[in-house]
1. Output the residue which, of all residues in region 103-118 that are in contact with a strand residue (DSSP E or B) (Cβ under 7 Å, 6 or more places away or on another chain) and outside any strand (DSSP E or B), is surrounded by the fewest Cβ atoms within 10 Å (Cβ to Cβ).
2. Do we have S51 as at pLDDT below 80 and in contact with an Asp or Glu (Cβ under 8 Å, 6 or more places away or on another chain) here?
3. Do you know which of the residues in region 121-152 that are of a type in the set (S, T, N, Q) and free of Cβ contacts under 8 Å to residues at least 40 places away in the same chain is surrounded by the most Cβ atoms within 10 Å (Cβ to Cβ)?
4. Name the single residue, out of those in region 119-147 being in a loop (DSSP other than H, G, I, E, B), of a type outside the set (K, R) and in contact with a helix residue (DSSP H, G or I) (Cβ under 6 Å, 6 or more places away or on another chain), that is farthest from F186 (Cα to Cα).
5. Output yes when any residue across region 147-155 is over 15 Å from V202 (Cβ atoms), over 24 Å from the mean Cα position of the chain (by Cα), at pLDDT below 95 and of a type in the set (S, T, Y), and no when none is.
6. Of the conditions (1) surrounded by 15 or more Cβ atoms within 10 Å (Cβ to Cβ); (2) in a loop (DSSP other than H, G, I, E, B), A156 clears all except one; give me its number.
7. I need a count of the residues in region 169-212 that are outside any helix (DSSP H, G or I), under 16 Å from T152 (Cα atoms) and among the acidic types (D, E).
8. Look at region 167-212 and say how many of its residues are in contact with a Gly (Cβ under 9 Å, 6 or more places away or on another chain) and in contact (Cβ under 8 Å) with a residue 60 or more places away in the chain.
Amino acid sequence: MPEDDKKHKTVGVSFHPELRERASERSRELGLSFSRYVTLCVEAELNGHPSQLLSQPAPPASAPTPAPQQDFNLQHAIDQGSDYSAAKAASIDFEDDIEEILRADDICYTRYSAVGNLRTDFLVQHVCEKTDRTIRIALECKHNLRGRYTVTLGQAIILNSMPQIDAVVLCVPYLKNFDKHVRETFAQQDIPIAIPDNVGAVIREIAEKAGA
């Protein structure tokens, strides 16, 4: 069978649009179809007549540029770690103290309870004697009065809006030096602020009002 009579197989080749346009112009100048032009180029390379580009040795691959190393101030990291650990320990100690008070007041609670996608320090469950209804109160503890109250306020508002929560109480170590504007903001959102001396009484009062 003559060479030209052999059936050709179509294969997919990807070209950049600009390269395809230039190759098409060249094939028209030579009076060839685009496919024939490409075939002749491939045959020339396979028959030992590669283009100058293919005859040149490939340039060595450039080494990847190393990512810039971030300089760390180790002493600063140690200081921050120490401060965080101390604050965390103080927070846990304060929560332990509140837990002792709740236990002594015979208040039913669950520590670190999940509420939706949040977690509250204490979930108090109080059964109202008049209605036999279970009132659920989220008790949030904040040991550091100089901390970010915006986060605490936002979480308390979200908890207060959940259907499975009847009320939210914020407990702090003391009210002295507690920013008055912050206290008023919590009050406007119906979030009472208690201290260890009255947290049990505040919880019971809220529970009775919610169950009435």
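The values are calculated or read from the model by the stated rules, or taken from the named source; none is laboratory data. Quick caveat, the model's predicted, so the values are computed rather than measured. Glycine gets a Cβ as well: all are built from the backbone with ideal geometry, and neighbour counts include every protein chain shown.
1. Out of the qualifying residues, it is C108.
2. yes
3. Filtering first and then ranking leaves T152.
4. It comes out as T131.
5. Within region 147-155 (the criterion being over 15 Å from V202 (Cβ atoms), over 24 Å from the mean Cα position of the chain (by Cα), at pLDDT below 95 and of a type in the set (S, T, Y)), the answer is no, since none of the residues qualifies.
6. The one condition A156 does not meet is (2).
7. 2
8. Total satisfying the criteria: 0.
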